[in-house]
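Notes follow the structure.
Since every read-out is calculated from the coordinates, none of them should be taken as a lab result. A quick note: this is a predicted structure, and the numbers were derived from the prediction, not measured. Here the Cβ positions follow ideal geometry from the backbone for every residue, glycine too, while neighbour counts run over all protein chains shown.
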Amino acid sequence: MVQEFDKVGVVGLGTMGAGIAEVFARAGFNVVGVEIDQAALDRGRGHVDKSLSRAVSKGKLTEEERAAIDARLTFSTSREELADADFVVEAVPERMDIKRDVFGDLDRICAPGTILATNTSSLSVTEIAALTDRPEKVVGLHFFNPAPVMKLAEVITTVSTSAETTDIVTEVAKRIGKTPVAVGDRGGFVANALLVPYINDAIRLYERRIATREEIDESVKKAAGLPMGPLTLADMIGLDVCLAVMDVLWDEFRDPRYVASPLLRRMVAAGHLGRKAGQGFYTGK
Ligand code: CAA
C-alpha cells in the first residue's frame, strides 16, 4: 500500500518540518515542502540544505545521493500543490487556530483518500481530526528533534482513526527508518509526558539556585548516560514547545506535578525560546 505513495507533503518547514521533509526525501519519497511565505520557505530550505551538507561532509551521503535527494524535494508557498499528495504531514506552530486553517485547507484540497498526519507535540489529535470531514484518515505522527536522527515516531490514534490508516502510517514510519510506537491520544502522549515534566523539574532546580545550569546538565548526563542535560535539551526542543506541553498536561490532569515553572513561563514571554531564538538557558544558535 505504502509503495504506491509517490508524493508526500510537509506543511511547515520549521525545525521539525524541515527535518521531516529531509527524512522522507532520504527514504525515497517525492516531497513537497510548503510554507506560508517566501521568507519562511527560504529558511526551511536552508535547514534542509544545512543538514544534508553536514551529512555529505561527514561522509554519510555521497554527492550523488545528495543530488538525488535534492531532486526529490520541491518547495512551494501554495498548499494547492498538495492536491495530488498521497500523504501529508503537518508541522506548523502549536496553535489550534493555525491547525484549523491548515487542516481546513488540506481537507478541501487533498483527495478524499489522502491521509493527513499531524506532528503536534501538545494538542489533541482528536480535536485536530474533528476539524476535517475525514477524521478516520487523521493521525498523529510525532517526530523527535532532531528528526533526521531520533529513531522514535509515535503513531497517535484517536477514537475516530481507522485501523487501515493506523496500519498504513505505521508502515510509513518503518519505511522512513523510524521505530513506530502506537500510543493513544492523551496529553503529552508517552515520550513528552515523561520527558517534559523532567525538564520542567530541572528548570525548577535552576530557578531555586540549587545548582548552576552546567552542574544540572552535567549531573544528569553523567548520572544517567544521556547525550544532553535537561537545560540544553530544553533549548534544543524550544522553550515554547516545553511550556505548551506542560500547560496541556496541567489542563488535562490538574496534577501539581504538571505546573510549569514560573521561570519557563517568563522566558517564553521574553522570547527566550532557546536555540532557535539564539537565547535560552544558554546563548547561541
Ligand atoms: N540534523 C541532522 N542531523 C543531526 C542534527 C540535526 N539537527 N544534529 C545532529 N545530527 C547528527 C549528526 O550529523 C551526527 O550524525 P552521524 O552520527 O551520522 O555522524 C549525529 O547526529 C550525532 O551528532 P553530533 O556528533 O554532532 O553531536 P552529538 O553526538 O552531540 O549528538 C544529538 C547530537 C543527536 C542531538 C544528541 O545530543 C542527542 O541525541 N540529544 C538528545 C535529543 C533528544 O532527546 N531529542 C528528543 C527531544 S523531545 C522532542 O523532540 C519531542 C517534542 O515534541 C518536544
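Remarks
- Protection proxy ranking, peptides 118-128, 146-156, average beta carbon neighbours within 10 Å, highest first: 118-128, 146-156
- Amide H contacts under 5 Å for T118: E90, V139, G140, L141, restricted to partners 5 or more places along the chain or on a different chain, H placed in the peptide plane at 1.01 Å from N.
- Proxy reagent accessibility, fewest Cβ within 10 Å first, across M96, M236, M267: M96, M236, M267
- 0 to 90° range, to nearest 10: angle between helix 239-253 axis and the chain longest Cα axis: 90 degrees
- Along the range 18-23 the Karplus relation, 6.51 cos²θ - 1.76 cosθ + 1.60 evaluated at θ = phi - 60°, assigns HN-Hα couplings of 4, x, 5, 4, 4, 4 Hz to successive residues, with x for each Gly and Pro.
- Span from the the range 32-92 Cα centroid across to the the range 257-285 one, whole angstrom: 28 Å
- Among T62, T179, T114: highest mean-square fluctuation, GNM of the chain, C-alpha pairs under 10 Å: T62
- For V181, the residues 5 or more places off, or on other chains, whose built amide H falls under 5 Å of its own are A153, E154, V155.
- In straight-distance terms, cross-link reach from K222 covers every one of the aspartates and glutamates whose alpha-carbon lies under 18 Å from its own, apart from those fewer than eight places away in the same chain; here that gives D201, E214.
- Taking the chain and dividing mean pair separation by its residue count, relative contact order in percent (alpha carbons under 8 Å, at least six apart): 14 percent
- With Cα atoms, 0 to 90° folded angle of helix 96-109 axis to the chain main axis: 10 degrees
- Under 5 Å from the amide H of L61 lie the amide H atoms of V56, each residue being 5 or more positions distant or on a separate chain, with H modelled from the backbone and absent for Pro and chain starts.
- The calculated FRET efficiency for D167 paired with D84, based on their beta-carbon distance and R0 = 22 Å, is about 0.45.
- Rounded to 10°, Cα long-axis angle of helix 38-57 versus longest principal axis of the chain: 80 degrees
- Centroid-to-centroid separation of the range 172-247 and the range 99-127 [C-alpha atoms, Å]: 26 Å
- Beta bridges assigned by DSSP with both partners in the chain are antiparallel in approximately 15 percent of cases.
- 20 Å Cα-Cα reach of K178 towards lysines, excluding residues that sit fewer than 8 places from it in its own chain: K7, K60, K151
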